[in-house]
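Enquirer: One structure is given below, represented as structure tokens, and several questions about it will come after.
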Amino acid sequence: MKAPEDNIIVQKSFDFAVRCVNLYKHLCYKSNHKEYVISKQLVRSGTSIGANIEEAVGAQSTADFLAKLSIAYKEARESRYWIKLLYHTGYINEAEYNSLINDLEDITNIIAKIKLTTEKNNA
């Protein structure tokens, strides 16, 4: 993998985590309809994606690298669930939903490609 400062998945996952935190702050403190439970779950899973990718960057072995990427992928899938739930319960609008889901699609696709390439190169 590239150096972290040049790494697109590191940057995208960090940016997504920032979006999750900001959405949480908005839904809890700035919105007319206060929402604490679902958005807190999104913060947990959404920030975990980048944390696990950071751990993967510093992995001690290929197996460790792949394990951390797998966790990041699962956290992205969980984040998708919470975003869908926020949308279908009326806490976020369609534009916010689409934007968040599109970011997650990019992240999950990149993680999947990195995993596939790493597995292929180490087979």
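Enquirer: Show the residue pairs meeting these rules: Cβ distance below 7 Å; 6+ apart or different chains; first residue within the range 68-93 and at pLDDT 95 or above; second residue surrounded by fewer than 14 Cβ atoms within 10 Å (Cβ to Cβ) and assigned to a helix (DSSP H, G or I).
Expert: The qualifying pairs are TYR73/ALA112.
Enquirer: From CYS28, CYS20, grab the single residue that is farther than 19 Å from THR117 by Cβ, at pLDDT 95 or above and surrounded by 14 or more Cβ atoms within 10 Å (Cβ to Cβ).
Expert: Testing whether each residue is farther than 19 Å from THR117 by Cβ, at pLDDT 95 or above and surrounded by 14 or more Cβ atoms within 10 Å (Cβ to Cβ) leaves just CYS20.
Enquirer: State the number of residues belonging to the range 78-100 that are out of contact with any helix residue (DSSP H, G or I) (no Cβ under 6 Å at 6 or more places or on another chain) and not hydroxyl-bearing (Ser, Thr, Tyr).
Expert: 8
Enquirer: Return the only residue of GLU96, GLU75, GLU35 being crowded, with 16+ Cβ neighbours inside 10 Å, closer than 21 Å to SER13 by Cα, more than 12 Å from the chain's Cα centre (by Cα) and not polar (S, T, N, Q).
Expert: Testing whether each residue is crowded, with 16+ Cβ neighbours inside 10 Å, closer than 21 Å to SER13 by Cα, more than 12 Å from the chain's Cα centre (by Cα) and not polar (S, T, N, Q) leaves just GLU96.
Enquirer: Counting only residues that are within 22 Å of PHE65 (Cα to Cα), within 18 Å of the chain's Cα centre (by Cα) and touching a residue at least 40 places away in the same chain (Cβ under 8 Å), which one in the range 99-123 is surrounded by the most Cβ atoms within 10 Å (Cβ to Cβ)?
Expert: So the residue we want is ILE107.
Enquirer: Kindly check whether there is at least one residue in the range 8-18 that is more than 29 Å from ASN121 (Cα to Cα) and of a type outside the set (Asp, Glu).
Expert: yes
The values are calculated or read from the model by the stated rules, or taken from the named source; none is laboratory data. Since the model is a prediction, treat every value here as computed from it, not as a measurement. Glycine also receives a Cβ, built like all others from the backbone with ideal geometry; neighbour counts cover every protein chain displayed.
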